[in-house]
Amino acid sequence: MEVTDIQPQAKEEIERFYEQNPDGAVVIRWATATGKSKLSILLADNFPLEVISSDSRQIFRYMDIGTDKVSKEIREKIPHHQIDIVDPDEFYTAGQWKSDTEQIITDIQTREKLPFIVGGTWLYVDTLYKNFAMPEVEPDFPLREERYALEEKEPGVLWKRLHKVDPEEAAKHHPNSTRYIVRALEIFEKIWVTKTEVAKEQPVKQPLLMLGLWREKEDTNRRINSRIKEMLQTGLIEEVQRLLDQGYNLQHQSMNGIGYKETILYLEWKYNKDKLEEEMKRNTHYFAKKQRTRFRRYIVDGKAAPKEDVTYKTFMLSE
């Protein structure tokens, strides 16, 4: 079964949801390359929808091929939000995304349209599903540089520090997950409240239809491999070179995304083209595995502990 095959079923599920929840929003989630964007585009034939991207890489301007953005032609026909909103050297937090997205949802509903949240960044999705009270803590880049330098000098020291002040948050992260550990420490050191305390789960603000697209690992990986080949054939290397020419580099969070960091190493003669493609495949497969693990939690919740005002539905897809 493919995405086109489930369109009628998805249509029925969404019609039923909106009939019961006219103030609701649809969330289409799962791993990369499963067909989330394609399904939302198909459903635009059935509903007056507007899409809100929940992809933390598509927020960056000038980064189109490596983030697999929907084409500008499609975006002219179907309004898309939370795409191309910051430059690659800017910082945009999950808290900002949540706040902005809640306003966008209200605006879409005011226009009597239906909000469809589409993407694979589980942290973004969780901010709505768990309705975290996200901390308003601006990034402190000098402090972060100090923390990264400390971690490089003594690997694991930041995780140990986080474990002392916020053991619940520390338990969520591998000691090598430096970026997330640094952010949790930053919150504590700025407002003297732990991330666990400020990120308490709350009831959803509006009814949600959590719609998942399940593909088996082998199927997903085949699709990933095909997508990566297409990216390389349609100008990913040239896109990365333009970004480097504009002054963006690996010091910027955006350029450390999969596809960009490997291409930079290729342009620095550290990879040949075969190695570039292989590393992109390997890293994307691993990322998709993490996405599947994270998004399975919604299936578990739907069976064992469904949240109030949340509807759960997963479609099984295969070749």
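The values are calculated or read from the model by the stated rules, or taken from the named source; none is laboratory data. Here the structure is a predicted model, which means the values were calculated and not measured. Positions of Cβ are generated from backbone atoms using ideal geometry, with glycine treated the same way; all protein chains shown enter the neighbour counts.
Condition test on Tyr248, is it of a type in the set (Ser, Thr, Tyr), in a loop (DSSP other than H, G, I, E, B), crowded, with 17+ Cβ neighbours inside 10 Å and at pLDDT below 95?
Details: of a type in the set (Ser, Thr, Tyr): yes; in a loop (DSSP other than H, G, I, E, B): yes; crowded, with 17+ Cβ neighbours inside 10 Å: yes; at pLDDT below 95: no.
No: the conditions fail for Tyr248.
So Asp274 clears everything in (1) in a helix (DSSP H, G or I); (2) modelled with pLDDT of 95 or more; (3) under 21 Å from Thr32 (Cβ atoms) except one condition, right? Which one?
(3)
Any residue at all in the stretch 264-279 that is in contact (Cβ under 8 Å) with a residue 12 or more places away in the chain and of a type in the set (S, T, N, Q)?
Within the stretch 264-279, none of the residues are in contact (Cβ under 8 Å) with a residue 12 or more places away in the chain and of a type in the set (S, T, N, Q).
Starting from the stretch 7-31, keep only residues that are more than 26 Å from Arg292 (Cα to Cα), then list their pairs with residues that are modelled with pLDDT under 95 whose Cβ atoms are within a distance under 6 Å, requiring at least 6 positions of separation or different chains.
none
Scan the stretch 235-263 for residues that are under 18 Å from Ile59 (Cβ atoms), of a type in the set (D, E, K, R) and without any contact (Cβ under 8 Å) to a residue 60 or more places away in the chain and report the count.
Going through the stretch 235-263 one residue at a time, the tally reaches 1.
Can you tell me which residues in the stretch 274-291 are under 14 Å from the mean Cα position of the chain (by Cα) and crowded, with 17+ Cβ neighbours inside 10 Å?
Listed by number, the residues that qualify are Thr284, Ala288, Gln291.
(1) of a type outside the set (A, V, I, L, M, F, W, C); (2) at pLDDT below 90; (3) out of contact with any Leu (no Cβ under 7 Å at 6 or more places or on another chain): which one isn't true of Pro207, the others all being true?
Only one criterion in (1) of a type outside the set (A, V, I, L, M, F, W, C); (2) at pLDDT below 90; (3) out of contact with any Leu (no Cβ under 7 Å at 6 or more places or on another chain) is unmet by Pro207, namely (2).
Looking only at the stretch 66-95, count every residue that is touching a strand residue (DSSP E or B) at 6+ places or on another chain (Cβ under 9 Å) and either part of a helix (DSSP H, G or I) or not polar (S, T, N, Q) (or both) and tell me the total.
Qualifying residue count, the stretch 66-95: 16.
Restrict the check to the stretch 144-159 and report whether at least one residue is out of contact with any Pro (no Cβ under 9 Å at 6 or more places or on another chain), assigned by TED's automatic domain parsing to the domain that holds Ala33, more than 17 Å from Gln58 (Cα to Cα) and surrounded by 20 or more Cβ atoms within 10 Å (Cβ to Cβ).
No: the stretch 144-159 contains no residue that is out of contact with any Pro (no Cβ under 9 Å at 6 or more places or on another chain), assigned by TED's automatic domain parsing to the domain that holds Ala33, more than 17 Å from Gln58 (Cα to Cα) and surrounded by 20 or more Cβ atoms within 10 Å (Cβ to Cβ).
Output the qualifying pairs, or none if there are none: Cβ atoms under 8 angstrom, residues six or more apart or on different chains, first residue in the stretch 96-107 and in the same structural domain as Tyr124 (by TED's automatic domain parsing), second residue outside any helix (DSSP H, G or I) and surrounded by fewer than 16 Cβ atoms within 10 Å (Cβ to Cβ).
Glu102/Lys205
Among the residues of the stretch 292-319, write down those that are loosely packed, with under 12 Cβ neighbours inside 10 Å and part of a helix (DSSP H, G or I).
Across the stretch 292-319, the qualifying residues are Thr293, Val300, Lys303, Ala304.
Which of the residues belonging to the stretch 65-95 are among the polar types (S, T, N, Q) and free of Cβ contacts under 8 Å to residues at least 40 places away in the same chain?
Ser71, Gln82
Filter the stretch 86-103 down to the residues that are within 13 Å of Thr127 (Cβ to Cβ) and β-branched (Val, Ile, Thr), then identify the one that is surrounded by the most Cβ atoms within 10 Å (Cβ to Cβ).
Thr101
Mind listing just one residue for me: the one in the stretch 35-85 that is among the hydroxyl-bearing types (Ser, Thr, Tyr) and within 23 Å of Pro22 (Cα to Cα) and, of those, surrounded by the fewest Cβ atoms within 10 Å (Cβ to Cβ)?
Across the stretch 35-85, the extreme among qualifying residues is Ser37.
Matching residues to (1) of a type outside the set (Lys, Arg); (2) crowded, with 16+ Cβ neighbours inside 10 Å; (3) within 22 Å of Ala305 (Cβ to Cβ); (4) modelled with pLDDT of 90 or more:
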site: Glu189; (1), (2), (3), (4): yes, no, no, no
site: Val198; (1), (2), (3), (4): yes, yes, no, no
site: Ile224; (1), (2), (3), (4): yes, yes, no, yes
site: Lys229; (1), (2), (3), (4): no, no, no, yes
site: Gln233; (1), (2), (3), (4): yes, no, no, yes
site: Val240; (1), (2), (3), (4): yes, yes, no, yes
